[in-house]
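Before any comments, here is the structure.
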Amino acid sequence: MVKENSLPPAYRRIVAKFGTKLLTGGTSHLNQEVMASLVGQIAGLQRQGAEMLIVTSGAIAAGRYKLGLSKKVKGIPHKQVCSAVGQSRLMNMYEQLFGQHGITVAQALLTKGDLADRAGYLNARNTLLALLELGVVGIINENDVVAVDEIREAKFGDNDNLSAMVANLVDADLLLLLTDIGGLHTADPHKDPAARLIAEVDRIDAEIERIAGGSASNLGTGGMTTKIEAARLATSSGVTVIIANGREPDVILRAAAGEAVGTRFHPATTRRESRERWMLSGLSTRGKLVIDSGAAIALKKQKRSLLAAGIRNVQGDFERGEIVHIHDIEGVHLGCGITNYSSGDLQTIKGMHSNEIAARLGYDYGPEVVHRNNLVVL
Ligand code: GLU
């Protein structure tokens, strides 16, 4: 039985990453008991009001087991075949286990290439946020079948980095990297009994990197090195990261309640600053929307989305998914956001009521031109 704290979780939106060794319990197949405990804790947190997402490994291991293949067979195509077979088995297990708690799950398979593309990034983000709103637990893995090693840029390479990207994508409060080691230690605890747990990391510096890469088993996919890389990525966007042992009793519940478990990496900035920096960096800003005073109040005071009705003027040439500046009619810079419509579409629908969009364009991407979740107001 999973213990539940009566207090609400200290973190509201949580991404939990489960590594293969954790899910298999060190065996060659998925361990139902371990997975039931992890799922039970996620379900418990959701009942307490937390928004939960899972980044899971284990597809390759599950497929390899089903096909009766040896771990000695190496190579990317082999892994892709195993993953294709194992992914559905993995999802089936999650579906059954979450079903016992009355929770619906969704599968999302992502590649780096999908998210490098702005529209892909936006679609993934909107889908994951919509799942959270519906109380559905999104279960994410890399799309191994298309993420080929040869195209290095297109591959996350490991689910640690994927989970950091997902935490950024949904503006998570906490990224929980669960493994078979109780956190970052001064040496490899499997080999050195004198190894000490480092409970708190304020800043990932050269010393932390040296410690993380200190043992060969720490290098490569799933080792401490990729976890530190992931922690760097997530903390620099304002996400707290915890590396902990997923086999410890109630570890997810305890971490979410703010208890000291494993190694906690403090965010390098506040979430807001980092989002503002990313959006306001101007690197990908393509155009400008001038909005009327009613829309300006809706954005600034009521934290609402920007609708077509409030748009007076569209400047520049941009596609759906790109970042645009937003100004009021006095020329004051109000902020920026990711647009759901291209400049061409906006020239047609500016000033229009949302329910007229589909008739005018022949399609629509929803009533929001810039959804409040994709908006940074100065
Ligand atoms: N996508 C792989 C799998 O599901 C795991 C990759 C990783 O653990 O980093 O088996």
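The values are calculated or read from the model by the stated rules, or taken from the named source; none is laboratory data. The shown structure was predicted, so the numbers you read here are calculated from the model rather than taken from an experiment. A quick note on method: Cβ atoms are made from the backbone with ideal geometry, for glycine too, and the neighbour counts reach across all protein chains shown. Keep in mind that these areas ignore ligands, DNA and RNA; they rest on the heavy atoms of the full protein, side chains included. Shrake-Rupley method; radii C 1.70, N 1.55, O 1.52, S 1.80 Å.
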Worksheet, complete the sentence: Those residues of the stretch 65-95 which are open to solvent by less than 10 Å² (accessible area, probe 1.4 Å) and either more than 14 Å from the ligand (Cβ to nearest atom) or at pLDDT 95 or above (or both) amount to Gly86, Leu90, Tyr94
Worksheet entry | Subset of the stretch 109-122 that is in contact with a strand residue (DSSP E or B) (Cβ under 9 Å, 6 or more places away or on another chain), open to solvent by less than 20 Å² (accessible area, probe 1.4 Å) and within 16 Å of the ligand (Cβ to nearest atom) - its residue that is farthest from Gln41 (Cα to Cα) | Thr111
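I'm trying to understand the selection: among the residues of the stretch 39-64, which are β-branched (Val, Ile, Thr) and either within 16 Å of the ligand (Cβ to nearest atom) or open to solvent by 10 Å² or more (accessible area, probe 1.4 Å) (or both)?
Quick first cut of the stretch 39-64, residues β-branched (Val, Ile, Thr) only: 39, 42, 54-56, 60.
Answer for the stretch 39-64, where residues must be β-branched (Val, Ile, Thr) and either within 16 Å of the ligand (Cβ to nearest atom) or open to solvent by 10 Å² or more (accessible area, probe 1.4 Å) (or both): Ile54, Val55, Thr56, Ile60.
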Fill in: Members of the stretch 337-374 that are over 24 Å from Leu132 (Cα atoms) and among the aromatic types (Phe, Trp, Tyr)
Tyr363
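Does His333 satisfy the criteria of being in contact with a strand residue (DSSP E or B) (Cβ under 7 Å, 6 or more places away or on another chain) and surrounded by fewer than 20 Cβ atoms within 10 Å (Cβ to Cβ)? Working first, answer last.
Values: in contact with a strand residue (DSSP E or B) (Cβ under 7 Å, 6 or more places away or on another chain): yes; surrounded by fewer than 20 Cβ atoms within 10 Å (Cβ to Cβ): yes.
Criteria met by His333.
Residues Ala62, Ala43, Ala36: which one is under 21 Å from the mean Cα position of the chain (by Cα) and at pLDDT 95 or above?
On the way: Ala62 fails: under 21 Å from the mean Cα position of the chain (by Cα); Ala36 fails: under 21 Å from the mean Cα position of the chain (by Cα).
From the options Ala62, Ala43, Ala36, the qualifying one is Ala43.
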Discussion item. Quick check on the stretch 123-135. Is at least one of its residues touching an Asp or Glu at 6+ places or on another chain (Cβ under 8 Å), closer than 26 Å to Arg372 by Cβ and open to solvent by less than 20 Å² (accessible area, probe 1.4 Å)?
Written reply: yes
Worksheet entry | Criterion violated by Arg312 - all others in (1) under 22 Å from Gly120 (Cβ atoms); (2) assigned to a strand (DSSP E or B); (3) charged (D, E, K, R) satisfied | (1)
